[in-house]
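Below is one structure, written out as structure tokens, with a few remarks after it.
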Amino acid sequence: MTDPARSVTPVVRLAPAKLNLTLAVVGRRPDGYHALHSVMAPLELADRLTFAVDPSPGARDRLRVEGRDAGPVADNLVLRAVDLARRVVRTERGVAPPALAIRLDKRIPVAAGLGGGSSDAAAALDGALEAWGAADLGPEPRLEIAAGVGSDVPFFLIGGPALVEGRGERVTPLHGLRSTRSATTPATNAEPGVLLVTPAIAASTRDVFSAWAAGAMAEAGVAARSSEHFASEFGSGLSGAQLLERAGVLAAANDLLPAAATVVEGLVPFRRGLMRLLARPVGLSGSGPTLWALYPSVDAAEQAAESVRAALADESLVAPGAAPAFVAATRMLTRPNAEDQERSTSG
């Protein structure tokens, strides 16, 4: 562990949003949490965190949040992640890491099913270790810290698409999209565009799961079968075109959609309106209320975003909530599998 007090360059980390391409609730665990089977992928839309060491005697960690409202600073998962990381470093290295001054530029809507808080926590864990000169801390302690912070946090340590099981602590990296090539074109791996539309109503994950447990459920087993099949396909490598062909199945493969609809009044008619406007399948990410649609490119997704903004402006499409909906075009971050990487570098 190097001396963090000698570091003068701030450490910067991006914290990407995530998209649930599938989400099946497959049981109830003895610890009270629900067991999940979900294929998730990170997005280009991201928060930004900056870390600077504060070696002043008696200094404490400080967090300043700018941009979107992320709620009370004292409850932010960033501080919890840093605190747990400090305890582990102190135990394993025998030194007490200094305080950190942290700035969070919040761009991901909160309580939206996009994992922004969990991603911030994972980025805080990684950024804090770097600022303290403890970046060589192994993967097992990192995963232990992540699981202690929140259910989705371990996923964001992977850095790519993954199958997430249990309550989120079992994460299996997936190859994601494979590159495509022909005799006349080089290998390409165009990452799909994603349209995100988030009504201005926070959807508490706890409330949505409570509604699910109370009976607001989809047909049993349908999402689970879709999720298992898609995880196998995505793990073997799909092309971008093949992913888009499966959009209809994926948009229906979220067991929490009926429950989210009971928590967010007007979500179902709003989703139907989006499907009519876009003429595409529209899915729900996580426990909502963010709705998504897949496109062959981020440019195509941006064109769709403009259509949605115009429809919201002239009220031909009415979103739930008292404030304007969040509308954004972003890119799904995927990785080609090892075979494709070898071909593209050796061809």
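Identify, please: which residue in segment 192-211 is in a helix (DSSP H, G or I) and β-branched (V, I, T) and is, among those, most open to solvent (accessible area, probe 1.4 Å)? Can you show your working first?
Taking segment 192-211 first, the residues in a helix (DSSP H, G or I) are 205-211.
Those still in the list that are β-branched (V, I, T) too: 205, 208.
Values: T205: 74, V208: 0 Å².
Ranking the candidates gives T205 first.
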Self-check item: Candidate set from segment 1-41 (those that are open to solvent by 30 Å² or more (accessible area, probe 1.4 Å) and at pLDDT 90 or above); member that is farthest from the chain's Cα centre (by Cα)
Solution: P10
Quiz prompt | Checklist (1) more than 13 Å from the chain's Cα centre (by Cα); (2) among the small types (G, A, S); (3) open to solvent by 10 Å² or more (accessible area, probe 1.4 Å); (4) on the phi > 0 side of the Ramachandran plot applied to G176, failing item | solution = (3)
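I need a count of the residues in segment 226-248 that are without any contact (Cβ under 8 Å) to a residue 24 or more places away in the chain and not hydroxyl-bearing (S, T, Y). Full working, then the answer.
Initial filter on segment 226-248 (without any contact (Cβ under 8 Å) to a residue 24 or more places away in the chain): 229, 232-233, 242, 245-246.
Filter again for not hydroxyl-bearing (S, T, Y), leaving 229, 233, 242, 245-246.
Final tally of qualifying residues: 5.
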Self-check item: helices (runs of 4 or more DSSP H) within segment 42-158 that include 1 or more residues without any contact (Cβ under 8 Å) to a residue 12 or more places away in the chain and not aromatic (F, W, Y)
Solution: 77-93, 139-149
Practice problem: At least 3 residues that are open to solvent by 20 Å² or more (accessible area, probe 1.4 Å) and on the phi < 0 side of the Ramachandran plot in each: list the helices (runs of 4 or more DSSP H) lying fully within segment 223-321 that qualify. | Solution: 240-245, 257-263, 267-278, 298-313
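Return yes when R272 is within 15 Å of P199 (Cα to Cα) and modelled with pLDDT of 95 or more and no when it is not. Break it down into steps so the answer makes sense when it comes.
Values: within 15 Å of P199 (Cα to Cα): yes; modelled with pLDDT of 95 or more: yes.
Judged against the criteria, R272 is a match.
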Practice problem: Filter segment 144-173 down to residues that are out of contact with any strand residue (DSSP E or B) (no Cβ under 8 Å at 6 or more places or on another chain) and open to solvent by 10 Å² or more (accessible area, probe 1.4 Å), then give me how many there are. | Solution: 7
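The values are calculated or read from the model by the stated rules, or taken from the named source; none is laboratory data. Remember, predicted model here, so these are calculated numbers, not experimental data. Glycine also receives a Cβ, built like all others from the backbone with ideal geometry; neighbour counts cover every protein chain displayed. These area figures cover heavy atoms from the full protein model, side chains too; ligands, DNA and RNA do not enter into them. Shrake-Rupley method; radii C 1.70, N 1.55, O 1.52, S 1.80 Å.
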